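Take a look at the structure below.
The values are calculated or read from the model by the stated rules, or taken from the named source; none is laboratory data. As the structure is a computational prediction, the values presented were derived from the model and not from experiment. All Cβ positions, glycine included, derive from the backbone under ideal geometry; neighbour counts span all protein chains shown.
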Amino acid sequence: MRLTDLTIFNYKNIAEAELHFSPKLNCFIGGNGQGKTNVLDAIHFLSFCRSYSSSIDVLSVRHGQEFMSLQGLYEYEDGSKEDIHCGLKVGQKKVVRRGKKAYRRISEHIGLIPLVMVSPADQILVNGGSEERRRFIDMVICQYDPNYTESLIRYNKALQQRNAMLKQEEELDPEVFLIFEEQMAREGEYIYKKRSEYITQLIPIFQQFYNRISGMQEEVELRYVSHLQRGPLLEQLTKDRFKDRAVGYSLHGIHKDDLEMLQNGYLVRREGSQGQSKTFLIALKLAQFDFLSKTGSRTTPLLLLDDIFDKLDAERVEQIVKLVSGDRFGQIFITDTNRDHLDRILASMEGDNRIFYVEKGEIKS
């Protein structure tokens with residue numbers, strides 16, 4: 001898939017822009033805080049109906065304005081087209097349209113336009129809490145398995161209802177508890193199975209990318225951790241119901257899953273340098289891209305690379321340049337403050353490309 005045209009209106013610091021893209025490489029150059037990342041964020045919004053950097057939709061509306069809108073025109077490899085529109089008015093629900101038809105549920109849109117974004121904000125995957133790493137896993141699986149999305153929704157609703165009951169002071173009917181626990185267990189088993197399958201397949205791809213970028217200087221590992229590895233979730237929920245009532249929330253379940261990120265046997269967040277940590281994240285995202293490309297979807301994902309060269313030594317930059325310049329990836333959008341990095345990519349990549357200059361929210365080619 002490729003994004004041919006993007007129209008932006010009142011999105012973050014971009015007042016208005018109409019952009020036509022190269023089918024291969026699109027480069028955005030400018031200083032910090034000028035709006036380069038916001039262009040990539042707008043593209044992300046059209047795929048996932050949310051900003052990459054914030055879950056609060058109203059923060060995407062330009063200061064002093066009442067609404068924002070985004071429109072993307074896409075083309076599949078077979079020549080068929082998609083027209084996607086996202087609009088948001090302050091104080092109202094956002095509207096997402098495919099063609100002229102609005103979605104009844106926004107979750108129905110997820111997966112139509114597969115996309116992988118690599119950003120400095122990804123550091124939260126290493127340093128943040130387990131919820132960030134679960135979100136990383138879920139956003140991949142949701143792009144190729146609609147049933148997984150629905151299962152997550154059902155699990156979270158049952159979890160919220162069980163937690164609400166746990167907070168009540170009066171004694172409640174155990175049979176009512178059991179209704180929500182059975183639903184959590186049923187959906188949780190499915191989610192656990194899909195997460196396990198995905199991570200098992202991702203690990204060797206991730207390690208290959210990391211070894212390529214780092215020159216095999218470190219050994220890296222991903223380790224999935226889940227309560228369901230101890231046994232059936234329903235047994236754990238019913239057994240610890242009294243303990244859960246004491247703390248006021250559910251202590252067990254797939255909402256506590258984590259993905260441990262290890263380098264030379266130690267957690268990256270404790271032992272890794274800035275360059276090693278960034279290499280880890282880039283390799284992880286490139287593996288995510290490779291996985292999505294092979295999941296049977298009808299199209300190649302878009303690849304968004306936001307300021308990925310900072311904190312990396314020359315050897316690692318060179319390997320990344322070689323990787324993204326090859327035929328393995330489809331349409332690429334990349335930002336940088338350093339024109340030299342982009343010139344090296346352009347020099348090694350055949351085919352069409354476009355360069356955009358961004359300053360104070362204005363974009364010129």
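Testing Val176 on (1) among the hydrophobic types (A, V, I, L, M, F, W, C); (2) in contact with a Phe, Trp or Tyr (Cβ under 7 Å, 6 or more places away or on another chain); (3) surrounded by fewer than 18 Cβ atoms within 10 Å (Cβ to Cβ), one condition comes back false. Which one is that?
Among (1) among the hydrophobic types (A, V, I, L, M, F, W, C); (2) in contact with a Phe, Trp or Tyr (Cβ under 7 Å, 6 or more places away or on another chain); (3) surrounded by fewer than 18 Cβ atoms within 10 Å (Cβ to Cβ), Val176 violates only (2).
Of a type in the set (D, E, K, R) and closer than 18 Å to Leu115 by Cα: which single residue out of Arg344, Arg328, Arg339 fits that description?
Exactly one of Arg344, Arg328, Arg339 is of a type in the set (D, E, K, R) and closer than 18 Å to Leu115 by Cα, namely Arg328.
Considering only the range 117-125, I want to know if a residue exists there that is exposed (fewer than 14 other Cβ atoms within 10 Å of the Cβ) and among the small types (Gly, Ala, Ser).
No, because not a single residue in the range 117-125 is exposed (fewer than 14 other Cβ atoms within 10 Å of the Cβ) and among the small types (Gly, Ala, Ser).
Yes or no: the range 81-101 includes at least one residue that is among the small types (Gly, Ala, Ser), surrounded by 11 or more Cβ atoms within 10 Å (Cβ to Cβ) and closer than 27 Å to Asp145 by Cβ.
Checked against the condition, which is being among the small types (Gly, Ala, Ser), surrounded by 11 or more Cβ atoms within 10 Å (Cβ to Cβ) and closer than 27 Å to Asp145 by Cβ, the range 81-101 yields no hits at all.
So Glu131 clears everything in (1) of a type outside the set (Lys, Arg); (2) under 21 Å from Phe289 (Cβ atoms); (3) in a helix (DSSP H, G or I) except one condition, right? Which one?
All conditions pass for Glu131, except number (2).
List, please: which pairs have Cβ atoms under 7 Å, are six or more places apart or on different chains, and start with a residue in the range 242-271 that is outside the structural domain of Leu159 (by TED's automatic domain parsing) and end with one that is among the hydroxyl-bearing types (Ser, Thr, Tyr)?
That search, which allows pairs on different chains as well, returns nothing.
Please verify whether Ser151 is at pLDDT 95 or above, of a type in the set (Ser, Thr, Tyr), within 21 Å of the chain's Cα centre (by Cα) and surrounded by fewer than 18 Cβ atoms within 10 Å (Cβ to Cβ), treating the condition exactly as stated.
When the stated conditions are applied, Ser151 does not pass them.
Conditions: (1) closer than 29 Å to Arg97 by Cβ; (2) surrounded by 15 or more Cβ atoms within 10 Å (Cβ to Cβ); (3) outside the structural domain of Ala42 (by TED's automatic domain parsing). Gly188 meets all but one. Number of the miss?
(1)
Please determine whether any residue of the range 166-184 is over 12 Å from Leu237 (Cβ atoms), in the same structural domain as Gly231 (by TED's automatic domain parsing) and within 19 Å of the chain's Cα centre (by Cα).
no
Might you let me know whether the range 34-53 holds any residue that is buried (at least 18 other Cβ atoms within 10 Å of the Cβ) and on the phi > 0 side of the Ramachandran plot?
Within the range 34-53, one or more residues are buried (at least 18 other Cβ atoms within 10 Å of the Cβ) and on the phi > 0 side of the Ramachandran plot.
Please find, within the range 228-280, the residue that is modelled with the highest pLDDT out of those that are among the β-branched types (Val, Ile, Thr) and surrounded by 13 or more Cβ atoms within 10 Å (Cβ to Cβ).
Ile254
Being at pLDDT 85 or above and either under 22 Å from the mean Cα position of the chain (by Cα) or of a type in the set (Asp, Glu) (or both) is the filter here, so list the residues in the range 319-352 that pass it.
Scanning the range 319-352 gives Ile320, Leu323, Phe329, Gly330, Gln331, Ile332, Phe333, Ile334, Thr335, Asp336.
(1) of a type outside the set (S, T, N, Q); (2) free of Cβ contacts under 8 Å to residues at least 60 places away in the same chain; (3) under 17 Å from Tyr52 (Cα atoms); (4) assigned to a loop (DSSP other than H, G, I, E, B): which one isn't true of Gly87, the others all being true?
So the condition that Gly87 fails would be (4).
So, of the residues in the range 54-72 that are of a type in the set (D, E, K, R) and not in a helix (DSSP H, G or I), which turns out to be surrounded by the fewest Cβ atoms within 10 Å (Cβ to Cβ)?
Glu66
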